[in-house]
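Participant: Could you have a look at this structure, given as structure tokens, before my questions?
The values are calculated or read from the model by the stated rules, or taken from the named source; none is laboratory data. Owing to the predicted nature of the structure, the values given are computational and were not obtained by experimental measurement. Quick reminder, even Gly has a Cβ in these numbers, built from the backbone with ideal geometry, and neighbours come from all protein chains shown. The accessibility values were calculated without ligands, DNA or RNA, using every heavy atom of the protein model including side chains. Shrake-Rupley method; radii C 1.70, N 1.55, O 1.52, S 1.80 Å.
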Amino acid sequence: MKIEARLLCLLAVLFVVGFAKSDKGTQLPQSPVVILFENDVHCAVEGYAKMAALKAEEQVHTPYVTVVSSGDFVQGDVIGSVTEGESIVGIMNRVGYDFVAPGNHEFDFGMERLQEIARDLQAEELCANFTSNKTQEPVFKPYGIVDYGGCQVAFIGLITPSTATSVIPKTFQDEEGNVAYGFNSANLFTCAQQWIDKSRSEGADYVIVLSHLGDIKEGDYPTSVEFIGNTTGVDVVLDGHSHTVIPDSLVLDKEGRQVLLASTGSRFEFVGKLELSVEGKFSSELLPAETLQDAPEVAAFVEELKEGVLAAGERIVGHLEEDLLALDSNGDWLVRDRQMPIGTFCADAFREVLGTDIAMINGGGIRNNLYAGDISYNDLLSVFPFGNNACTVSLTGAQLADILEASVRSLPLPSGSFMQVSGVRYNCDVSVASPVELDDSGLFLGIRPGASRRVSDVQVLDKSTGNYLPVNPSATYTLGGIDYNLANLGSDGMFRYTKLLRSNQGLDVDVLSQFLSRRDFVQLFGSQTIAK
């Protein structure tokens, strides 16, 4: 499907959604309405100059041009991490965005920083299903309505409820440790329908949803396709989170009416253009970013910011003889369903630098490739852009076996909670149903009593001999990793029953830097076997 979507886009196939609004009294636009959209930019900042140029070009033809984002823009590369999103906000303000929906990675710097970002952005931040548990009201505006010469268009924001467990859970807790915010996971469709209906009652002729739900199923969380199928009154969903390239897809809503679904992939590979014609018809196309011009003033601003942020990180910290890949040539993640050399490199770094028996790094935390040759600090920061701290825990062999079960519970589907490991190896049979149980909040609860296990033949490295020995269920082992997982209930809370030994042992990127700089690096890979 993804290849077909790319071909359609590259051949500049424009699909016109063949439904005009027929509701009595619906106001049609006097000139075409153009919505320029993107999702999951993840700090690929060069694309903003192209967005700005396209915006200026469209404004020559129509006064009604709006720029929107479906989330995940402040995190994913050095320039976002170093400034905690400040540089990205500055660039987006130069472009002139109108509406954004937060993605899960907008929460990576904490709630206080998220609210600062929302305040500093000139665009309105929209999210209907992220609510305060105290007031039951949305933290951000649920929707905004734009008047295009008498034609009213509502924009509604939605975010995946998986954010509650993919982000550090403490982000959503008050000072007493109580959960202070929620994502309406159990009633997302009802929650969204409430705001769809309200926007319609306030005069919206059309409704466009900026969705960070994703079209690929992730655990029990609802997808954008499921959202469409369980609601009514939406005309278009501009989706993010799954990084899927969707030029134009028709999905039937609860009443059997066609809804246009589109998504630009990730990292500004494409810029989306949604158009509402004077006849009341929507059309969508994806424009390859490489074919677009740059707005000179925005391009210059981006380069100035990059130079300032990146200069200090260009120092060389080590050398690699081979490429270490987290993504393949299509941009698909390799570290979320199998052990990869880059995963072993990262986990080996934590095991050796922290001096633990075992180390684990979640695949979702490894964000970029490393290529053969000299490696700079910035290269490492692109792999670990989130600013997590290293820490260590102790656990029993029985707990280790349970954690490995939790790590592989989504296979053969990819998951950011899949662990890249060092110092342990095991076999996994994905034909066996996962025995993992989660609690009501989606966190690891335990292994279903009496259930068959996927994981077998768990072995732990004996540091004194260099041999792997069968795990001892009653023995105690030490494990290194990042505080996101080990101290803050990240990755579905699979480490919640371990004992924290030491926290704040330095930044994750500094662990990689120490490991790489203390040796002429030689590949030391091969600690896990997965039988699929």
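Participant: Among the residues that make up the range 469-486, is at least one of them surrounded by fewer than 19 Cβ atoms within 10 Å (Cβ to Cβ), among the aliphatic types (A, V, I, L, M) and touching a residue at least 24 places away in the same chain (Cβ under 8 Å)?
Facilitator: Yes, there is a match, as at least one residue in the range 469-486 is surrounded by fewer than 19 Cβ atoms within 10 Å (Cβ to Cβ), among the aliphatic types (A, V, I, L, M) and touching a residue at least 24 places away in the same chain (Cβ under 8 Å).
Participant: For the range 418-447, give me the residue count where each residue is assigned to a loop (DSSP other than H, G, I, E, B) and modelled with pLDDT of 95 or more.
Facilitator: So the count comes out to 8.
Participant: Got a number for residues in the range 41-85 being under 27 Å from the mean Cα position of the chain (by Cα), of a type in the set (D, E, K, R) and under 22 Å from Glu303 (Cβ atoms)?
Facilitator: 5
Participant: State yes or no: is Ala390 small (Gly, Ala, Ser), outside any helix (DSSP H, G or I) and closer than 17 Å to Ile482 by Cα?
Facilitator: Yes; evaluated as a whole, the condition is true for this residue.
Participant: Please determine whether any residue of the range 105-128 is aliphatic (A, V, I, L, M), within 24 Å of Pro288 (Cβ to Cβ) and under 21 Å from the mean Cα position of the chain (by Cα).
Facilitator: Taking every residue of the range 105-128 in turn, none turns out to be aliphatic (A, V, I, L, M), within 24 Å of Pro288 (Cβ to Cβ) and under 21 Å from the mean Cα position of the chain (by Cα).
Participant: Follow-up question, since we're still on this one. For the range 151-171, what are the residues that are farther than 19 Å from Asp220 by Cα and either buried (at least 22 other Cβ atoms within 10 Å of the Cβ) or at pLDDT 95 or above (or both)?
Facilitator: Cys151, Gln152, Val153, Ala154, Phe155, Ile156, Gly157
Participant: Condition check: at pLDDT below 95 and part of a loop (DSSP other than H, G, I, E, B). Does Leu500 satisfy that?
Facilitator: So Leu500 does not fit the description; no.
Participant: Same structure, new question: Considering only residues that are within 13 Å of the chain's Cα centre (by Cα), under 26 Å from Gly233 (Cβ atoms) and in a loop (DSSP other than H, G, I, E, B), which ones fall in the range 159-188?
Facilitator: Thr160, Pro161, Ser162
Participant: Go through the range 317-342 and give me each residue that's surrounded by 13 or more Cβ atoms within 10 Å (Cβ to Cβ) and over 30 Å from Pro412 (Cβ atoms).
Facilitator: Val317, Gly318, His319
Participant: Continuing with the same structure: Where residues in the range 189-213 are assigned to a helix (DSSP H, G or I) and either polar (S, T, N, Q) or in contact with a His (Cβ under 9 Å, 6 or more places away or on another chain) (or both), which of them is surrounded by the most Cβ atoms within 10 Å (Cβ to Cβ)?
Facilitator: Looking at residues that are assigned to a helix (DSSP H, G or I) and either polar (S, T, N, Q) or in contact with a His (Cβ under 9 Å, 6 or more places away or on another chain) (or both), I get Ser199.
Participant: I'm checking my understanding of the structure. Among residues of the range 74-104 that are outside any helix (DSSP H, G or I) and of a type in the set (Asp, Glu), which one is nearest to His243 (Cα to Cα)?
Facilitator: Here the answer is Asp77.
Participant: For the subset of the range 108-160 comprising residues that are in contact (Cβ under 8 Å) with a residue 24 or more places away in the chain and of a type in the set (Asp, Glu), which member is nearest to Phe189 (Cα to Cα)?
Facilitator: By that ranking, first place goes to Glu125.
Participant: As an exercise: evaluate Phe270 against (1) open to solvent by 20 Å² or more (accessible area, probe 1.4 Å); (2) touching a residue at least 40 places away in the same chain (Cβ under 8 Å); (3) closer than 23 Å to Phe37 by Cα and give the number of the one condition it does not meet.
Facilitator: If we test Phe270 against (1) open to solvent by 20 Å² or more (accessible area, probe 1.4 Å); (2) touching a residue at least 40 places away in the same chain (Cβ under 8 Å); (3) closer than 23 Å to Phe37 by Cα, just (1) comes out false.
Participant: Among the residues of the range 61-73, write down those that are in a loop (DSSP other than H, G, I, E, B), surrounded by fewer than 24 Cβ atoms within 10 Å (Cβ to Cβ) and not hydroxyl-bearing (Ser, Thr, Tyr).
Facilitator: His61, Pro63
Participant: Looking only at the range 423-443, which residues are closer than 30 Å to Leu354 by Cα and in contact with a Lys or Arg (Cβ under 6 Å, 6 or more places away or on another chain)?
Facilitator: Once the filter is applied, which keeps residues that are closer than 30 Å to Leu354 by Cα and in contact with a Lys or Arg (Cβ under 6 Å, 6 or more places away or on another chain), the range 423-443 yields Gly423, Cys428, Val436.
Participant: Return the pairs, sorted by first residue and then second, in which the second residue is in a strand (DSSP E or B) and of a type in the set (Phe, Trp, Tyr), the first residue lies in the range 318-347 and is under 19 Å from His241 (Cβ atoms), the beta carbons are less than 9 Å apart, and the residues are 6+ apart or on different chains.
Facilitator: Ala326/Trp333; Leu327/Trp333
Participant: Also, I was wondering about something else. Among the residues of the range 356-373, is there at least one that is buried (at least 17 other Cβ atoms within 10 Å of the Cβ), basic (Lys, Arg) and in a helix (DSSP H, G or I)?
Facilitator: no
Participant: Can Val146 be described as of a type in the set (Val, Ile, Thr), surrounded by fewer than 22 Cβ atoms within 10 Å (Cβ to Cβ) and under 22 Å from Ser201 (Cβ atoms)?
Facilitator: Against the criterion (of a type in the set (Val, Ile, Thr), surrounded by fewer than 22 Cβ atoms within 10 Å (Cβ to Cβ) and under 22 Å from Ser201 (Cβ atoms)), Val146 qualifies.
Participant: Just wondering, is there one or more residues in the range 214-232 that are part of a strand (DSSP E or B), in contact (Cβ under 8 Å) with a residue 60 or more places away in the chain, under 15 Å from the mean Cα position of the chain (by Cα) and surrounded by fewer than 22 Cβ atoms within 10 Å (Cβ to Cβ)?
Facilitator: Yes, the conditions are met somewhere in the range 214-232.
Participant: Also, quick follow-up: So Asp77 passes all but one of these: (1) surrounded by fewer than 24 Cβ atoms within 10 Å (Cβ to Cβ); (2) acidic (Asp, Glu); (3) out of contact with any helix residue (DSSP H, G or I) (no Cβ under 7 Å at 6 or more places or on another chain). Which condition number does it fail?
Facilitator: In the conditions (1) surrounded by fewer than 24 Cβ atoms within 10 Å (Cβ to Cβ); (2) acidic (Asp, Glu); (3) out of contact with any helix residue (DSSP H, G or I) (no Cβ under 7 Å at 6 or more places or on another chain), Asp77 misses (3) alone.
Participant: Under 17 Å from the mean Cα position of the chain (by Cα), charged (D, E, K, R) and within 18 Å of Val309 (Cα to Cα), is that true of Glu38?
Facilitator: No; evaluated as a whole, the condition is false for this residue.
Participant: Moving on to the next point. Looking only at residues that are surrounded by fewer than 17 Cβ atoms within 10 Å (Cβ to Cβ) and assigned to a strand (DSSP E or B) in the range 282-316, which one is modelled with the highest pLDDT?
Facilitator: Filtering first and then ranking leaves Pro288.
Participant: Please verify whether Asp328 is out of contact with any His (no Cβ under 9 Å at 6 or more places or on another chain) and either of a type in the set (A, V, I, L, M, F, W, C) or within 30 Å of Ala311 (Cβ to Cβ) (or both), treating the condition exactly as stated.
Facilitator: No.
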